[in-house]
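These notes concern the structure reproduced below.
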Amino acid sequence: MALLVRVLRNQTSISQWVPVCSRLLPVSPTQGQWGRALSGTPQKIKIAALRMYTSCVEKTDFEEFFLRCQMPDTFNSWFLITLLHVWMCLVRMKQEGRSGKYMCRIIVHFMWEDVQQRGRVMGVNPYILKKNMILMTDNFYSAILGYDEGILSDDHGLAAALWRTFFNRKCEDPRHLELLVEYVRKQMQYLDSINGEDLLLTGEVSWRPLVEKNPQSILKPHSPTYNDEGL
């Protein structure tokens, strides 16, 4: 079960491309309001962004999604699950002003770096990989818009967004949609309960299970640990 995910986890580690963090262009104090607001903090935010993206791919139980949502064990399924979790992080961090929006940009950057790296590990032809990246980019921004509208709507609106994007209009079991709607709602509740300054400093996120063993469990995050460098 979920052979592809295990192969990707064994052969591709986020730590293999961590140096890309140092290649990201820092925000210069001369770059308008962004620069003035973030001067002195970009490197810390980049590290936190890397940790937050890492939580989306290393703390998510992909095999459980494949099983309970009857998704095929493919790279596209991995991307759809990752996209959903990245989007939830973006929604949360956009609430943290300019620093949060800057962090969103870096999270998305790391996501595309990771997608390319995993494509190479799988031996995808460079030309095909480039074409797929263009398609996935279009799908990503369409999904973000749809999910944003869904989260601001009622459960029917959110279910419609998940049906269009996550299930690619092919979900025939309404229980799968109900499960995903409940999952997104509780994850957003959980993320909203985490202090914004802690997220900007550490980027640490733990995901609730797709199916709760204890439905009465309290969605209360653990206190984060970090030093004065945000590590």
Of (1) buried (at least 20 other Cβ atoms within 10 Å of the Cβ); (2) within 15 Å of the chain's Cα centre (by Cα); (3) farther than 15 Å from N139 by Cβ, K94 fails just (1)
Determine if the range 126-136 includes at least one residue that is over 23 Å from E58 (Cβ atoms), outside any helix (DSSP H, G or I) and either in contact with a strand residue (DSSP E or B) (Cβ under 6 Å, 6 or more places away or on another chain) or of a type in the set (A, V, I, L, M) (or both).
no
Tally up the residues in the range 140-187 that are out of contact with any Leu (no Cβ under 7 Å at 6 or more places or on another chain) and open to solvent by 80 Å² or more (accessible area, probe 1.4 Å), please.
16
Could you tell me how many of the residues in the range 69-98 are at pLDDT below 95 and of a type in the set (K, R)?
1
What number of residues within the range 171-208 are closer than 24 Å to L50 by Cβ, of a type outside the set (K, R) and assigned to a loop (DSSP other than H, G, I, E, B)?
8
Can you name the condition, by its number, that I194 falls short on among (1) more than 22 Å from S77 (Cα to Cα); (2) loosely packed, with under 13 Cβ neighbours inside 10 Å?
(2)
Scan the range 112-139 residue by residue and report those that are in contact (Cβ under 8 Å) with a residue 60 or more places away in the chain, open to solvent by 40 Å² or more (accessible area, probe 1.4 Å) and closer than 14 Å to N76 by Cα.
M122
Of the numbered conditions (1) part of a helix (DSSP H, G or I); (2) touching a helix residue (DSSP H, G or I) at 6+ places or on another chain (Cβ under 9 Å), P72 fails exactly one; give the number of that condition.
(1)
Going through the range 82-121 one residue at a time, which ones are aromatic (F, W, Y) and in contact with a Leu (Cβ under 7 Å, 6 or more places away or on another chain)?
Y102, F110
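The values are calculated or read from the model by the stated rules, or taken from the named source; none is laboratory data. All values derive from a computational prediction rather than experimental measurement. Heads up, the Cβs are rebuilt from the backbone with ideal geometry, glycines too, and the neighbour counts pull from every protein chain shown. Ligands, DNA and RNA are excluded from the accessible area calculation, which covers all protein heavy atoms including side chains. Shrake-Rupley method; radii C 1.70, N 1.55, O 1.52, S 1.80 Å.
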